[in-house]
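See below for the structure under consideration.
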Amino acid sequence: MAPEYEQHPERKYSIAVVGGGIGGLCTAIGLLHQGVPVEIYEAASGFAEIGAGVSLGPNAARAMKLIDPAIYDGFLRCATNNGWPDRQHFWFSFRKGEDASSPFGTRFFDLWCETGQASVHRARFLDELVALVPKGIAHFGKRLDDVQDTGDHVVLRFADGTTATHSALIGCDGIKSKVRHAVLGADHPAANAVFTGKYAYRGLIPMADAAALMGDELARNSQMYLGHGGHILTFPIEHGTTMNVVAFGTKADGKWEDPEWVKPLDRAAMFQDFEGWVDSTRQILSLMQKPDIWALFHHPPAPTYTNGQRLCILGDAAHASTPHNGAGAGQAIEDALCMSRVMAHVYHAADISRAFAAFDTVRRPRSQAQVQAACESGWLYDLQLPGCMDDWGKVRERLATKQQWIWERDLEADVREAVRVFGEETARL
């Protein structure tokens, strides 16, 4: 049963959250926890997440606790870490994927991480978040067609012909966000995501099958195999009953012409991409069930996450990235923390625009830096990063330090800064 949230009697405004994924639900829960009236509009007929495993680092864990400890409790109920006790605090074991001297690829570096390789099945985690949302505030089958910001309210128009009016709108509607278009303008150079030149084969393997073929260590603990032009990562999900597999490749011409970003897999093409790799990687590819291929897009840096009035974007709508840092969902949860905490200081609708501006000031530099860093991590893993390439000493050196600025962020300091910026702007009036 969802908890009951008290709204402050002075708050006569309402916030629309468009999009019911991880970012949207964490934002809505955070706002409710702070007594801010909110309603959720989701395009699908019910809450659902596509995809399989998603990683959440120490920063995401702290953000969950700060938004609402119940979110973190839900995360713990569905989180999976490495299977071996002595691997609980390691993110990945990195291996040389084309090293013929070892059938498993020589392990050359283990990256320590406070929370280890903590991953959840998206749908399971979403179920935990939904349990924290009171009945009646979520509206389904509401695909946003257009939004109009009148200056003192927003009007949402949906594909089913209905409309809704709210004091402001927070767009959590993903990488193909309609709200992003409304904030930036549909013709803005940063309005749409662009192809990164990378793609990913995704699939699942029953853990019993993986362990029988590859052995417990490789199957039950997170591994990343690096090679020229590609890399393969595996980690356990669903409490160790399933191995999640993502194999990345590079598009030679750097183009993705197909309007579909997710397509059925051509197994022959996948095996060709990893021709000559170590035996364990070939075994992984052969076991993948119902695999598909995902084109990897990300957002160019937007000059703002708000239109200066009553529209704001966060999560993938604001800064969709490649998955190479395991940080996309964590950035959305950080967004939700910052947004909910600054909105906690808004009692009148006229102040919403300044809260959105404060959020933008604090969150945009960090989240956009992560988009660029994730792209560079993809090049690093594929031995294509300038200055490193396939120099294993330099690759190891970069691996050892590249995640710290993401994982070790002082999120409470970010919240204080957003509240300070909001307070300064409000005091000037």
Wholly enclosed strands (runs of 3 or more DSSP E) of region 16-99 bearing at least 3 residues over 28 Å from M343 (Cα atoms): 90-96
query: Quick check: is even one residue across region 58-68 buried (at least 21 other Cβ atoms within 10 Å of the Cβ), in the same structural domain as L144 (by TED's automatic domain parsing), in contact (Cβ under 8 Å) with a residue 40 or more places away in the chain and of a type in the set (D, E)?
result: yes
- request: Answer yes if at least one residue in region 274-295 is touching a helix residue (DSSP H, G or I) at 6+ places or on another chain (Cβ under 6 Å) and within 30 Å of V155 (Cα to Cα), and no otherwise.
  value: no
- prompt: (1) in contact with an Asp or Glu (Cβ under 7 Å, 6 or more places away or on another chain); (2) within 28 Å of Q309 (Cβ to Cβ); (3) basic (K, R): which one isn't true of R143, the others all being true?
  reply: (1)
- line: Among helices (runs of 4 or more DSSP H) entirely inside region 389-429, those with 3 or more residues being touching a residue at least 12 places away in the same chain (Cβ under 8 Å), out of contact with any helix residue (DSSP H, G or I) (no Cβ under 9 Å at 6 or more places or on another chain) and of a type in the set (G, A, S) are none
Single residue of M214, M243 found to be under 26 Å from the mean Cα position of the chain (by Cα), modelled with pLDDT under 95, within 23 Å of R87 (Cα to Cα) and not β-branched (V, I, T): M243
- prompt: Is it the case that some residue within region 203-214 is more than 28 Å from I137 (Cα to Cα), in a strand (DSSP E or B), out of contact with any helix residue (DSSP H, G or I) (no Cβ under 7 Å at 6 or more places or on another chain) and of a type in the set (V, I, T)?
  reply: no
task: Determine whether region 358-372 contains at least one residue that is farther than 30 Å from V36 by Cβ and under 20 Å from the mean Cα position of the chain (by Cα).
output: yes
- request: Could you look through region 215-231, keep only residues that are in a strand (DSSP E or B) and of a type in the set (A, V, I, L, M, F, W, C), and pick out the one that is surrounded by the fewest Cβ atoms within 10 Å (Cβ to Cβ)?
  value: M224
- prompt: When you scan region 308-343, how many residues do you find that are over 30 Å from A123 (Cβ atoms) and surrounded by fewer than 24 Cβ atoms within 10 Å (Cβ to Cβ)?
  reply: 2
- prompt: From the list W277, W256, W294, which one is in contact with a Lys or Arg (Cβ under 7 Å, 6 or more places away or on another chain) and not in a helix (DSSP H, G or I)?
  reply: W294
Any chance S353 is under 30 Å from E424 (Cα atoms), out of contact with any helix residue (DSSP H, G or I) (no Cβ under 8 Å at 6 or more places or on another chain) and in contact (Cβ under 8 Å) with a residue 40 or more places away in the chain: yes
message: Checking the structure you have, find out if any residue of region 303-315 is under 30 Å from T242 (Cα atoms) and either assigned by TED's automatic domain parsing to the domain that holds P58 or touching a Leu at 6+ places or on another chain (Cβ under 8 Å) (or both).
response: yes
statement: Inside region 361-381, the number of residues satisfying the requirement of being buried (at least 21 other Cβ atoms within 10 Å of the Cβ) and either without any contact (Cβ under 8 Å) to a residue 24 or more places away in the chain or more than 18 Å from A320 (Cβ to Cβ) (or both) is 3
query: Which condition number does A418 fail, the rest of (1) in contact with a Phe, Trp or Tyr (Cβ under 7 Å, 6 or more places away or on another chain); (2) surrounded by fewer than 16 Cβ atoms within 10 Å (Cβ to Cβ); (3) not polar (S, T, N, Q) being met?
result: (2)
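Okay, residues lined up against (1) surrounded by 10 or more Cβ atoms within 10 Å (Cβ to Cβ); (2) in contact (Cβ under 8 Å) with a residue 24 or more places away in the chain; (3) within 26 Å of P206 (Cα to Cα); (4) among the polar types (S, T, N, Q):
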position: A247; (1), (2), (3), (4): yes, yes, yes, no
position: A252; (1), (2), (3), (4): no, no, no, no
position: W256; (1), (2), (3), (4): yes, yes, no, no
position: A268; (1), (2), (3), (4): no, no, yes, no
position: F271; (1), (2), (3), (4): yes, no, yes, no
position: W277; (1), (2), (3), (4): yes, yes, yes, no
position: S286; (1), (2), (3), (4): yes, no, yes, yes
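The values are calculated or read from the model by the stated rules, or taken from the named source; none is laboratory data. Fair warning: this is a prediction, and the values are worked out from it, not measured in the lab. As a convention, Cβ positions derive from the backbone with ideal geometry for all residues, glycine included, and neighbour counts pool all protein chains shown.
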